[in-house]
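Student: Here's a structure for you.
The values are calculated or read from the model by the stated rules, or taken from the named source; none is laboratory data. The shown structure was predicted, so the numbers you read here are calculated from the model rather than taken from an experiment. Note that we place each Cβ from the backbone using ideal geometry, even for glycine, and neighbour counts take in every protein chain shown. For the accessible areas, the whole protein counts, side chains as well, though only heavy atoms, and no ligand, DNA or RNA atoms are used. Shrake-Rupley method; radii C 1.70, N 1.55, O 1.52, S 1.80 Å.
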Amino acid sequence: MKRQPAAEENTDFEPIPVETRLGNALSQTPLLDIHTHLYDPAMGKMLLWGIDDLLVYHYLVSEVFRYLPVPYEDFFALDKEQQADFIWNELFIQHSPISESCRGVITTLNMLGLDVNKRDLKNIRKWFSKRTVEEHVNDVFELGNLRGVVMTNSPFDREEIQIWKRGFKRDSRFLAALRVDPLLINYKDTVPFLREQGYDVRPELDETTRSELRRFLSEWADKIDPLYLMVSLPPEFTYNVETSRHRLLTKVVLPFCRERKMPFAMMCGVTRAVNPSLQLAGDSMGRSSIESVENLCRTFPENKFLVTVLSRENQHHLCVAARKFRNLHPFGCWWFNNIPTLIDEITNLRFELLGLSFTPQHSDARVLDQLVYKWTHFKESLILTLGEKYSALEASGWEISDKDIQRDLKGLLGGEFETFCREESQNK
Ligand code: FIX
Ligand code: ZN
């Protein structure tokens with residue numbers, strides 16, 4: 001029998017647009033959030049959640065001072081609920097909440113099932129007051145379709161140290177990452193703290209000090225079982241200078257990561273406290289040296305580097321660097337990049353230069369509920385960016401099956417990261 005032309009075969013049914021298929025596949029792909037500031041619920045009040053924590057998020061604190069003519073110290077002298085009242089009134093009632101962080105609160109409340117149109121903060125508080133942390137964690141994980149989140153665990157935080165030392169039954173959805181900023185940013189001032197914790201270290205990096213610092217990292221890694229070691233770095237960080245940071249990096253941190261086969265995560269480009277009066281909201285950013293990232297990747301081929309950058313201007317170079325070094329895994333649209341305009345741009349850059357070999361997003365959530373909006377908004381963007389790439393391929397004659405979509409999403413939403421963590425660096 002004569003074969004009918006394909007177009008006629010399909011007269012009864014319209015092909016499902018690739019964006020729709022992508023949306024369906026997304027809702028069936030549980031994701032791993034590779035960097036947050038959330039904590040295992042067993043760590044008690046370290047895990048922030050609920051409406052007041054949502055409202056006093058430092059992203060919103062910076063925004064409220066655009067309108068609020070009160071001195072910073074007067075605002076910070078208020079208790080959490082009073083600060084939240086101010087923010088609600090100024091950013092949600094007196095103005096339309098169109099910024100990304102404001103819209104995030106609305107998306108979150110709406111998806112949790114609250115009627116945001118009532119604009120009734122009292123009622124919202126009442127709703128949250130009836131919830132338990134356990135049910136809230138479960139609901140948020142379900143709404144965000146999350147299978148796990150990576151915490152940021154600091155062995156320099158006294159409250160956190162106590163909790164780990166006491167011990168607790170871990171929730172397997174909350175994975176650890178070992179954060180060592182004080183060690184690499186401010187080593188000399190950290191020496192007394194480390195000595196107090198029982199490590200025989202000195203400001204000079206003599207042999208005993210180096211081995212004691214390795215012992216410090218080892219003991220913490222044994223205790224918390226981190227996926228990676230991490231630091232945030234100022235824009236002026238460069239690899240090629242003879243500083244104590246350089247020696248710490250090359251003689252302590254990188255050998256430790258190699259020994260444990262653990263990636264070293266560098267979050268590049270943060271300038272802390274440009275406006276100290278704003279407290280946690282007072283950090284800014286600058287352009288980093290991707291040349292230094294390249295130098296590190298080349299000089300330490302047996303180390304694996306997870307890198308995110310805060311400056312938009314660094315994003316293109318970071319993609320090019322990742323094309324040169326397979327021991328470099330770019331991740332996330334960090335902080336000021338976590339806005340739809342830049343997520344679209346950065347994700348497109350990465351697709352076009354790296355295919356699918358990176359992790360496009362992490363949430364950086366500080367409040368449990370933020371997982372809902374940060375991932376929902378990111379997925380809106382992913383449907384557009386990846387959908388466009390698939391459509392372009394189909395226009396070139398390459399059909400994308402649902403299986404292809406599922407495989408690609410699995411990689412983007414945690415799978416590529418896990419493979420990178422597992423693999424021996426093959427850059428040797
Ligand atoms: O250094 C970091 O991990 C940053 O993400 C935070 O310090 C920052 O305050 C933040 O919350 C960004 O989203
Ligand atoms: Zn962070």
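Student: When only alpha-carbon atoms are used, what values of Rg and Dmax, in angstrom, describe region 323-390?
Tutor: Every Cα atom of region 323-390 included, Rg and Dmax give 12.3, 38 Å.
Student: Something else: How much FRET efficiency would the formula 1/(1 + (r/R0)^6) give for E204 and F13, where r is the Cβ-Cβ distance and R0 is 51 Å, rounded to 0.05?
Tutor: So the FRET efficiency works out to roughly 0.10.
Student: Continuing with this model, one more query. State the answer as a single residue: which of L194, L413, L112 lies farthest towards the positive end of the charge dipole of region 27-422, with beta carbon charges of +1 for Lys and Arg and -1 for Asp and Glu, about the Cα centre.
Tutor: Going by the Cα projections, it comes out as L194.
Student: Now for a different question. Choose one of N348, V367, H329: the residue whose Cα lies farthest towards the positive end of the charge dipole of region 311-371 (beta-carbon charges +1 Lys, Arg; -1 Asp, Glu; about the Cα centre).
Tutor: Checking the options against the dipole of region 311-371, the answer is H329.
Student: Once the other residues with Cβ under 9 Å from the Cβ of H58 are scored (Lys, Arg +1; Asp, Glu -1), what is the net sum?
Tutor: 0
Student: Assuming 0.36 nm per residue, please report the length gained on full extension of the stretch R119 to H246 beyond their Cα-Cα distance.
Tutor: 40.5 nm
Student: Amide H of L175 versus every other amide H placed in the peptide plane: which residues, excluding those fewer than 5 positions away on the same chain, fall under 5 Å?
Tutor: Long-range HN contacts for L175: V149, V150, M151.
Student: I need to check one value: relative contact order of region 189-312, counting alpha carbon pairs closer than 8 Å and at least 6 residues apart, in percent.
Tutor: 24 percent
Student: Test of understanding: in a Gaussian network model of the chain with alpha carbons linked when under 10 Å, which of S99, S357, S396 would top the mean-square fluctuation ranking?
Tutor: Of the options given, S396 has the highest mean-square fluctuation.
Student: Residues of region 27-422: accessible area per residue at 1.4 Å, in Å²?
Tutor: 44 Å²
Student: Using DSSP, restrict attention to beta bridges with both residues in region 27-422 and report what percent are antiparallel, rounded to the nearest 5.
Tutor: Here the antiparallel bridges make up roughly 10 percent for region 27-422.
Student: In cubic angstrom, how much convex hull volume per residue do the alpha carbon atoms of region 228-349 span?
Tutor: Expressed per residue, the convex hull around the Cα atoms of region 228-349 is 107 Å³.
Student: Here's another thing I want to ask about it. Hand me the GluC sites (Glu not before Pro) from region 215-312 located in a DSSP loop with no more than 14 other Cβ atoms within 10 Å, in residue order please.
Tutor: Taking region 215-312 and a limit of 14 other Cβ atoms within 10 Å, the loop GluC sites (Glu not before Pro) found are E236, E242.
Student: Follow-up. For T271, enumerate residues with amide H under 5 Å from its amide H, sequence gap 5+ or separate chain, H modeled in the peptide plane.
Tutor: Answer set, sorted by chain and number: S284, M285, G286.
Student: Select from region 214-278 those trypsin sites (Lys or Arg not before Pro) which occupy a DSSP coil region and have at most 16 other Cβ atoms within 10 Å, ordered by residue number.
Tutor: Counting only loop positions with at most 16 other Cβ atoms within 10 Å, the trypsin sites (Lys or Arg not before Pro) in region 214-278 are K261, R272.
Student: Starting from the Cα gyration tensor of region 117-174, take the square roots of the eigenvalues, sort them a ≥ b ≥ c, and report rounded, prolate or oblate (rounded when a/c is under 1.5, otherwise prolate if a/b is larger than b/c, else oblate).
Tutor: Taking the square roots of the gyration eigenvalues as a ≥ b ≥ c, region 117-174 is prolate.
Student: Here's another thing I want to ask about it. Set the Förster radius R0 to 41 Å, insert the Cβ-Cβ distance between R407 and F193 as r into 1/(1 + (r/R0)^6), and round the FRET efficiency to 0.05.
Tutor: Given R0 = 41 Å and the Cβ-Cβ separation, E is 0.30.
Student: Quick one: putting +1 on the C-beta of Lys and Arg, -1 on the C-beta of Asp and Glu, what dipole do you get for region 27-422 around its Cα centre, in Debye to the nearest 20?
Tutor: 800 debye
Student: Where q = 0.06, 0.12, 0.13, 0.14 Å⁻¹, what log10 of I(q)/I(0) comes from the Debye formula for region 27-422, counting one point per Cα?
Tutor: -0.25, -1.02, -1.20, -1.37
Student: Still on this structure, I have one more. Which far-off residues, 5 or more places away or on another chain, put their amide H under 5 Å from the one on A265, with H placed in the peptide plane?
Tutor: L229, M230, V231, L306
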